[in-house]
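The values are calculated or read from the model by the stated rules, or taken from the named source; none is laboratory data. All values reported here derive from a predicted model rather than from experimental measurement. For neighbour counting, all protein chains shown are included, and Cβ atoms are generated from backbone atoms with ideal geometry for every residue, glycine included. In case anyone asks, the SASA skips ligands and DNA or RNA and just uses the protein heavy atoms, side chains included. Shrake-Rupley method; radii C 1.70, N 1.55, O 1.52, S 1.80 Å.
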Amino acid sequence: MKKKSLFILIISSILLILTGCSSQSNSSNKKIQITSTPTLFFHGGGSSYHAEEHMVNAAKKAGVTKAVIRAEVSKTGKVTLVGTWSKNAKNPICEVNYENNRQLDFNKHGEYATNVVKALQKKYGIKKINMVGHSLGNISIIYYMLQNGNKKNMPQVQKQVDIAGHFAGLDFDGIPRSIKQPKGMKLNSEGKPNKMNSTYEQMTKVRSIYAKKYVKVLNIIGDLGNRSDGRVDNKSSLSLQYLVSGGNSTYRVLKINGKNAQHSKLHENSQVDKALIKFLWNK
């Protein structure tokens, strides 16, 4: 009888230990709920997440956040999250890094951005997002909206900052016709180009989405004194207006002048840092 009682006691103890381990395992796999709106940063063509670090560090120094992780996106679109946001993370930031940093299929940029958001949604249960893009990184934002703006199950953009965007195209040799800025292109008072390349025509489909949404858009452009940031014609950057305004969404422009308004210097410009911090986090 004593042996039987001892056997039952041992079995019961083992079951309790196994149950505890199972409970711990389930607990560690639980989704971390993030209540603050995360901000995603997208770098430009031929660049990396290092181009985002100056702006992100400025936000950290301003006391906006301490929570910064990175999303590595492979050439096939697979996302690996580096680092972890804590449960009570304040204004968390995700620096996005594309392995294929010269991808000129704009639809792929939308897919990459979508995969990043889905990965964050799965792990952290996010429901809203902010997005910041520099140069080619702005395409990720527009195409994310094109592909997900009407999907109720996908996190929706609340605020977006576009820096040195080339929405209507680029104007130098070697650029594919689909993304080349048409010669003699002009903008009307609504920012609509009189001539459009095929990718801009595709992007115009996003107008109906922004018209219904309440996205706050800040467009930051650089002017070296020749209506260009040295890489992108201001007209191309300002054509964003036609894509996002005209409905419930709001749009405004910040022009940066001087030598630090050069295309690749804009993401390391103190004026840009201050504008970002004020616009995104009201600080």
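Could you list, in sequence order, all residues of segment 217-234 that are touching a Leu at 6+ places or on another chain (Cβ under 9 Å) and open to solvent by 70 Å² or more (accessible area, probe 1.4 Å)?
ARG231
I'd like to know if segment 177-185 contains one or more residues that are closer than 30 Å to SER270 by Cβ and either part of a loop (DSSP other than H, G, I, E, B) or open to solvent by less than 50 Å² (accessible area, probe 1.4 Å) (or both).
Among the residues of segment 177-185, at least one is closer than 30 Å to SER270 by Cβ and either part of a loop (DSSP other than H, G, I, E, B) or open to solvent by less than 50 Å² (accessible area, probe 1.4 Å) (or both), which makes the answer yes.
Taking segment 68-123 only, how many residues are open to solvent by 30 Å² or more (accessible area, probe 1.4 Å) and either part of a helix (DSSP H, G or I) or of a type in the set (D, E, K, R) (or both)?
Summing the residues that are open to solvent by 30 Å² or more (accessible area, probe 1.4 Å) and either part of a helix (DSSP H, G or I) or of a type in the set (D, E, K, R) (or both) in segment 68-123 gives 17.
Hey, could you check segment 258-283 for residues that are outside any helix (DSSP H, G or I), surrounded by fewer than 17 Cβ atoms within 10 Å (Cβ to Cβ) and touching a Gly at 6+ places or on another chain (Cβ under 9 Å) and say which is modelled with the lowest pLDDT?
Top of the filtered list is LYS283.
Look at segment 192-244 and say how many of its residues are touching a Ser or Thr at 6+ places or on another chain (Cβ under 8 Å) and of a type in the set (D, E, K, R).
Number of matching residues: 5.
List, please: which pairs have Cβ atoms under 6 Å, are six or more places apart or on different chains, and start with a residue in segment 163-179 that is within 14 Å of PHE106 (Cα to Cα) and end with one that is among the hydrophobic types (A, V, I, L, M, F, W, C)?
As it stands, the answer is GLY165/LEU240; HIS166/VAL232; PHE167/LEU240; GLY169/ILE179, since those pairs meet every condition given.
Consider LYS255 carefully, then state whether it is part of a strand (DSSP E or B), at pLDDT 95 or above and among the basic types (Lys, Arg).
yes
Looking only at segment 21-67, which residues are modelled with pLDDT of 95 or more and part of a helix (DSSP H, G or I)?
Residues satisfying the conditions are HIS50, ALA51, GLU52, GLU53, HIS54, MET55, VAL56, ASN57, ALA58, ALA59, LYS60, LYS61.
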